[in-house]
Amino acid sequence: MKKLFSIILSTFLMVNLSFVVSFGETVQNSELIESVQVSQVSQAAIITKADVSRGLLYCREYPVTVQIDDVDVPTKEKDVPPLIVGARTLIPVRAFFEALGATVEWDAENRIVTIENDGSTVELVIDSPVAKVEGKAKILEVPAMIIDHDEDGTGSTMVPLRFVSEGLGAEVSWIEATRTANIVPASTETEEEETSTFETNYGPLNILNSNAKEKMIVIDIGHGGKDTGSIGNQNSSDELYEKDVNLEIGLKVKDLLDLAGARYIFTRESDVSMELYDRPALANDIGADILVSIHNNSFDTEKPEGTEVYYYSKVDEQGLDEGALYGIYSKDIAVLVQKEMVDILGTVDRGAKESEHLAILRRSSMPAIIIEGAFMSNPGNLEKIRTTEFKEKYAYALVKGLITTMNSAF
Ligand SMILES: [Zn+2]
């Protein structure tokens, strides 16, 4: 069904773009097409010959200027000038991305253009609404296309400016008054260096096996927005909110899940409010296989310290347990993550504990755990929590425990 749909879509594109040089064979990158939903593909715009002609005429009258780091990049005479189609700016791929320092490769047989810059890769298939950024399929509003504006028989390969630039880690700003798009290449400042150090230190993780890669993981970053969670050193100048610590850890978890090849959805990726019950509800709605909630602990007194992981073993109305329903047990994930956490963080081992009183665990249908990394109410733990090392190690231990459990279960 998906294949049939994509062939119809492609045929439609072919017919409508038939003025373009020569089509040769229709190439379907089935790997790309099949990794996205048909409904998503259908959202991609269908660009007609008329759209392209209108864009060419309009941009001849009102040219678009493209800059890199505020410096104009001239279009070569043989190239099609920047062109707006379907509210997206298309630019000739070589002229602009080589000026950015990227390498551009053209696979004529499969009609694939690959743009690579500083380890980031964007892959587009001519006339296909699906592209790959860092190997992951993404939907394009306007596909890459070959346009022969002067009908001399040689076309330029045109690619969507913003999509490709952002895929390479660059930022794009648009100034409407002067119709100027400015591409600012990815900075090589400290933030990037920190990330790469993190990935060097914590990246050598096992990757998920092919069955485990199919599973959907929901990562819930505890608290957020108006809900601060626990507060360390409350009412002092160095007050620390649990929501911020959890978020920093969560974003590192995301990097590591990418390296492991996992499928995931996060309940939040920024400092926004989210109702407690909406978190398990989201995991249920998308049919997740595993839910992991990231927290840090707190108590009324300073004394308690260390790491604990909660789980709640579920059984459905028919008496089927998590193993029968999901192929993996909450308890196994909890026990292994707990072990990795105390080994790697060097915190006091408070154990993996079963609890039926926590909403995240009780209201989710799938195996789920809540990690309480360390106590914000304990001065020694709080000192650790403040460090980047703690957050990196927390993320690493979580992902390591999760991968190991998933690889042995699936
Ligand atoms: Zn919490």
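Please arrange Met145, Met274 by counting, for each residue, the other beta carbons lying within 10 Å of its beta carbon, fewest first.
Listing Met145, Met274 from fewest to most nearby Cβ atoms yields Met274, Met145.
Testing the spin-label approximation: label points 7 Å from Cα along Cα→Cβ at Lys226 and Glu61. State their distance in nm.
Those two pseudo-labels are separated by 5.0 nm.
From the helices alone, meaning DSSP H stretches of at least four residues, give me the mean residue ellipticity at 222 nm for the chain, per-run term -39500 (n - 2.57), in deg cm²/dmol to the nearest 500.
The per-residue figure over the chain is -11000 deg cm²/dmol.
What does DSSP give for the chain in terms of the percent of beta bridges that are antiparallel, rounded to the nearest 5?
Here the antiparallel bridges make up roughly 65 percent for the chain.
Between the range 126-180 and the range 64-93, what is the C-alpha centre distance in whole Å?
Cα centroid to Cα centroid, the span is 10 Å.
Return Ser330, Ser236 ranked ascending by Cβ neighbour count within 10 Å, so the fewest neighbours appear first.
Going from sparsest to densest Cβ surroundings: Ser236, Ser330.
Excluding residues on the same chain fewer than 8 positions from Lys400, give the lysines whose Cα lies under 20 Å from its Cα.
Partners found: Lys213, Lys215, Lys252, Lys254, Lys331, Lys339, Lys353, Lys391.
Could you tell me what percent of the DSSP beta bridges with both partners in the range 191-409 are antiparallel, to the nearest 5?
The antiparallel proportion sits near 30 percent.
Just flag the chymotrypsin sites (Phe, Trp or Tyr not before Pro) in the range 255-291 sitting in loop per DSSP whose Cβ has no more than 14 other Cβ atoms within 10 Å.
Loop-located and lightly packed - Tyr277.
What is the order of Leu247, Leu345, Leu402, fewest Cβ neighbours within 10 Å to most?
The order, fewest Cβ neighbours first, is Leu345, Leu247, Leu402.
Pick from Leu398, Leu257, Leu140: which is most flexible by mean-square fluctuation in a GNM of the chain where alpha carbon atoms under 10 Å apart are linked?
Residue with maximal mean-square fluctuation among Leu398, Leu257, Leu140: Leu140.
Treating only the Cβ atoms of Lys and Arg (+1) and Asp and Glu (-1) as charged, compute the dipole magnitude of the chain about its Cα centre; round to the nearest 20 debye.
Result for the chain is approximately 1020 debye, rounded to the nearest 20.
Could you tell me which of rounded, prolate or oblate describes the chain, using a ≥ b ≥ c as the square roots of the eigenvalues of the alpha-carbon gyration tensor, with rounded for a/c under 1.5 and, failing that, prolate when a/b is larger than b/c and oblate otherwise?
prolate
If R0 is 30 Å, what FRET efficiency do you get for Asp148 and Arg179 from their C-beta distance, rounded to 0.05?
In this case the efficiency is close to 0.80.
Check cross-link reach from Lys78 to the aspartates and glutamates: straight Cα distance under 14 Å, and skip same-chain residues fewer than eight apart.
Qualifying aspartates and glutamates at Cα under 14 Å: Asp148, Asp150, Glu151, Asp152.
Going by average Cβ density within 10 Å per residue, which order do the peptides 293-303, 68-78 take, highest to lowest?
Going by the mean number of other Cβ atoms within 10 Å, highest first, we get 293-303, 68-78.
Between Glu317 and Ala108, what FRET efficiency follows from the Cβ-Cβ distance if R0 is 56 Å, with the result rounded to 0.05?
0.45
Lys78 to Thr387: extension gain in nm, 0.36 nm per residue of separation minus the Cα-Cα distance?
So the chain would gain 105.7 nm between Lys78 and Thr387.
Restricting to Cα pairs below 8 Å that are 6+ residues apart, what does the relative contact order work out to for the range 191-409? Please round to a whole percent.
So the answer I get is 27 percent.
How high is the FRET efficiency between Ile46 and Lys303 when r is their beta carbon distance and R₀ equals 51 Å, given to the nearest 0.05?
0.20
Values in this text are rule-based calculations from the coordinates and carry no lab data. This is a predicted model, so every value here is computed, not measured. Positions of Cβ are backbone-derived with ideal geometry, glycine not excepted, and every protein chain shown enters the neighbour counts.
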